[in-house]
Amino acid sequence: MKVFEKEKPDIVIHSAALSDVDRCEINPELAWKINVQGTRNIVKASKQYGSYLIYVSTDYVFSGEKGNYNENDETSPINKYGITKLAGESEVKAASDEWCIVRPSVIYGSTPAAGKTNFVLWVINKLKNKEQIRIITDQWISPTLNTNLAQMIIEIAEKRDTGIYHLAGATQLNRYQFALEISKIFQLDSNLIIPVTSKDMKWAAKRPGNTTLNVEKATKELKHKPMKIEDALKNLRQEVETSGKLKL
Ligand SMILES: NC(=O)c1ccc[n+]([C@@H]2O[C@H](COP(=O)([O-])OP(=O)(O)OC[C@H]3O[C@@H](n4cnc5c(N)ncnc54)[C@H](OP(=O)(O)O)[C@@H]3O)[C@@H](O)[C@H]2O)c1
């Protein structure tokens, strides 16, 4: 409330969350406090100050049984993270005057946020160090380059669009294929990538099988389009090379 009072924002982009899927499963009370009550607080403040609110949600609001989900498909999360993020969506829909919900999937970029790494940087580092990695073939996703996502969100904010948008990458693939693409673009040894299935993984939270997102709406309506995986990874490579953030 102090920040709202000081800034009186026209636009609020709410991306804060407890985004660690296993931590949400182990500590659902904390996940509820941050992802639902936290969102309720932001909604309340946005309403009080007449701010237009963009809520960053997730592909994990879906069960993962169907894939290629569009904005009107039924939501049915299978883990605590997805449940709390969907409840956050409900808070936004119920109480905001002017809102937009955007749903990305597996975000990656050159700079690890909040002290954690992301899948692409992790794969690059492991392959660079000549370590074998075991990657699952049975989780299908729409990986999203953070800078592409940011451009699309800013465009939506400028137009003050309302409703739901799937803002993800334009290529749907499984984690193993994603790792192969990364090795190709970053010219690393793909023989180090070993295909496994999720049965081999010990996770606290269940993962949905196929949460690929249909991005036709964003592709049709926005100037900044969801990027294909090859173009997005090439952009990332250029970014890390010019910034010197990652030595390849
Ligand atoms: N990463 C993905 O693959 C992915 C996919 C789909 C959707 N999303 C959604 O995209 C958004 C961003 O995800 P991300 O991966 O960038 O998350 P992240 O790296 O975990 O960052 C989350 C941010 O939320 C802040 N935060 C957490 N609890 C807070 C609290 N109680 N009060 C204030 N700030 C708090 C953190 O601040 P501190 O740095 O101070 O801890 C951090 O900056 C989230 O809403 C997530 O649900 C992420």
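The values are calculated or read from the model by the stated rules, or taken from the named source; none is laboratory data. Every value quoted in this text rests on a predicted model; they were computed, and no experiment measured them. So basically every Cβ, Gly included, is an ideal-geometry build from the backbone, and we count neighbours across all protein chains shown.
Points worth noting:
- Every residue from the stretch 110-136 that is more than 9 Å from the ligand (Cβ to nearest atom) and under 24 Å from Asn68 (Cβ atoms): Val120, Ile135, Ile136
- Checking the stretch 1-16 against the condition returns a match, with at least one residue being acidic (Asp, Glu), assigned to a helix (DSSP H, G or I), farther than 20 Å from Ala205 by Cβ and over 16 Å from the mean Cα position of the chain (by Cα).
- Where a residue in the stretch 142-160 is in a strand (DSSP E or B) and its partner, wherever it lies, is of a type in the set (Val, Ile, Thr), with Cβ under 6 Å and at least six apart: Thr144/Ile107
- Of all residues in the stretch 73-90, at least one satisfies being in contact with a Cys (Cβ under 6 Å, 6 or more places away or on another chain), touching a residue at least 24 places away in the same chain (Cβ under 8 Å) and either within 26 Å of Gln151 (Cβ to Cβ) or small (Gly, Ala, Ser) (or both).
- Of the residues in the stretch 99-106, at least one is aromatic (Phe, Trp, Tyr), under 30 Å from Ala45 (Cα atoms) and away from the ligand (no atom under 12 Å from the Cβ).
- Positions within the stretch 32-43 being surrounded by fewer than 15 Cβ atoms within 10 Å (Cβ to Cβ) and under 17 Å from Val3 (Cα atoms), in sequence order: Asn41
- Residue within the stretch 81-88 that is of a type outside the set (A, V, I, L, M, F, W, C) and more than 24 Å from Glu65 (Cα to Cα) present: no
- Filter result for Lys33 (at pLDDT 95 or above and more than 21 Å from Pro143 (Cα to Cα)): yes
- Near pairs, Cβ below 6 angstrom, 6+ apart or cross-chain, from the stretch 100-126 (farther than 18 Å from Met227 by Cβ and at pLDDT 95 or above) to any residue that is of a type in the set (Phe, Trp, Tyr) and within 10 Å of the ligand (Cβ to nearest atom): Ile101/Tyr55
- In the stretch 89-104, of all residues being surrounded by fewer than 20 Cβ atoms within 10 Å (Cβ to Cβ) and in a loop (DSSP other than H, G, I, E, B), the one that is nearest to the chain's Cα centre (by Cα) corresponds to Glu98.
- Filtering the stretch 50-72 to residues that are buried (at least 16 other Cβ atoms within 10 Å of the Cβ) and among the acidic types (Asp, Glu) leaves Asp59, Glu71.
- Filter pass, Glu216 being loosely packed, with under 15 Cβ neighbours inside 10 Å and either polar (S, T, N, Q) or without any contact (Cβ under 8 Å) to a residue 12 or more places away in the chain (or both): no
- Annotation: of all residues in the stretch 174-203 being exposed (fewer than 14 other Cβ atoms within 10 Å of the Cβ) and in a loop (DSSP other than H, G, I, E, B), the one that is farthest from the chain's Cα centre (by Cα) is Asp189.
- The residue that is nearest to the ligand (Cβ to nearest atom), counting only those in the stretch 29-68 that are over 11 Å from Ala17 (Cα atoms) and among the basic types (Lys, Arg), is Arg40.
- Considering the stretch 76-88, and only residues there that are buried (at least 16 other Cβ atoms within 10 Å of the Cβ) and under 13 Å from Asn210 (Cα atoms), the residue that is farthest from the ligand (Cβ to nearest atom) turns out to be Ile78.
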